[in-house]
Amino acid sequence: MIRLLFYYFVFLIEFLANSQNLVPNSSFENYSICPNSGNENIESSLNWYNPTAYSPDYYNSCATDIVYGQSVPNNGFGYQPAKSGVAYAGLITMIETDGREYIQTTLTDSLTAGVTYTVKFYVSAADSSPYAANNIGAYFSNNPVSSGDSWYLPFTPQIKNDSSANPLDDRYGWTEVSGSFIAQGGEKFITIGNFNNDLNTDTTFHSDGSTWLSFSYHYIDDVSVTDSTLSLYEEFNQSQISVYPNPSYGNIHIKSTEVIEELQVYSSLGQLVLSQSPKTKDFKVDLSSFEDGMYYITLQFNESTITKKIIINR
């Protein structure tokens, strides 16, 4: 009976996670081709593709050429760890004569008319780029958008970054671009990039950027589109408990707003592999002796229980 309840709870967690984010391969971890040669574009990352004649890039730590290639964190445009995992996308967000690059994917389900959706993704300006375009946004459409040239796409994105309040010029960390909108119904495709022409693009200049580049280049990671009513569960969950780093080598730090009475760790097969009674809000768990793979940490509070999925990957 306990095993059956565990599997039901795991299924519920997976269902909520999958039903929340409608973006497949949202952090670009899964790929068909590792970008070893240094010229693989975004279509090497599963589910993502290039809608114009330009060539947005794909970066993954599996690549061996860390100097001129497309590895993570070192690559031809600079040094940048992923926001999460070991991969991200890269695209030109401004170049003279209105040139642009975009990335696009098909959502796992069409948006519902009248429902409010929350959209988030993270950007980081490349070290070598002397400019940072601050107008990156996300456009949702019922059909895929495409262009046979490399100019900016003349669409009005539903999600627009506030360039005055949220400049996208951080080259050391990741800046969140987010917003909400009410769906018209039937939107199935998301396209990310700068939809402003040069004249209407707000830019930040870095004097210590590359002297041979004359464009703005950004990395993109962790794209999410969620039904706002469902994301309330996620926000509550995240406000209650933090489990990090994830993935990790096995040393897990757990912090909570409430005292955690009991902790159980289950393998992906539902086997109980660890049980503790921490009776505190802030502690560490050593799972370094466990094999690499996926585990579930169940945390019992006074009146509630939360389960987190963790990955051990050395």
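Values computed for the structure shown
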read-out: Unit charges on C-beta of K, R, D, E only; dipole of the range 245-312, Debye; value: 120
read-out: Helix 2-20 axis, angle to the chain major axis (alpha carbon atoms, nearest 10°); value: 20
read-out: Whole-number D in µm² s⁻¹ for the range 245-312, Kirkwood Cα-pair radius fed into Stokes-Einstein, 37 °C, 0.692 mPa s; value: 273
read-out: Segment residue 165-residue 301, length gained on full extension (0.36 nm per residue, minus Cα span); value: 45.1 nm
read-out: Gained length - residue 145 relative to residue 39, 0.36 nm times residue gap less alpha-carbon distance; value: 35.8 nm
read-out: In degrees, nearest ten, helix 228-240 long axis to first principal axis of the chain (Cα); value: 60
read-out: The range 245-312, relative contact order [Cα under 8 Å, separation at least 6], %; value: 38
read-out: 26 Å Cα-Cα reach of residue 279 towards lysines, excluding residues that sit fewer than 8 places from it in its own chain; value: 255, 308, 309
read-out: Nitroxide proxy distance, nm - points 7 Å out along Cα→Cβ at residue 176 and residue 96; value: 3.8
read-out: Farthest positive-ward along the chain dipole, Cα basis, beta-carbon charges - from 94, 192, 122; value: 122
read-out: Electrostatic dipole magnitude of the chain [Cβ: Lys, Arg +1; Asp, Glu -1; Cα centre; debye, to 20]; value: 700
read-out: Estimated FRET transfer efficiency when R0 is 35 angstrom, pair residue 272-residue 109 (beta carbons, to 0.05); value: 0.50
read-out: Using alpha carbons only: equivalent-ellipsoid semi-axes of the range 51-171, gyration tensor based, whole Å; value: 25, 17, 16
read-out: Förster radius 25 Å - calculated FRET efficiency between residue 156 and residue 206 (Cβ-Cβ, nearest 0.05); value: 0.30
read-out: Isotropically averaged projected area of the chain, using the convex hull of Cα atoms (one quarter of hull area), nm²; value: 17.6
read-out: Most mobile of 85, 293, 99 in a GNM of the chain (Cα contacts under 10 Å); value: 293
read-out: Gain in span if fully extended, residue 262 to residue 288, counting 0.36 nm per residue against the direct Cα distance; value: 7.4 nm
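FYI, it's all coordinate maths here, none of it is from the lab. Just so it is clear, the model here is predicted, and its values are computed rather than measured. In this analysis, Cβ positions are derived from the backbone assuming ideal geometry, glycine residues included, and neighbour counts consider all displayed protein chains.
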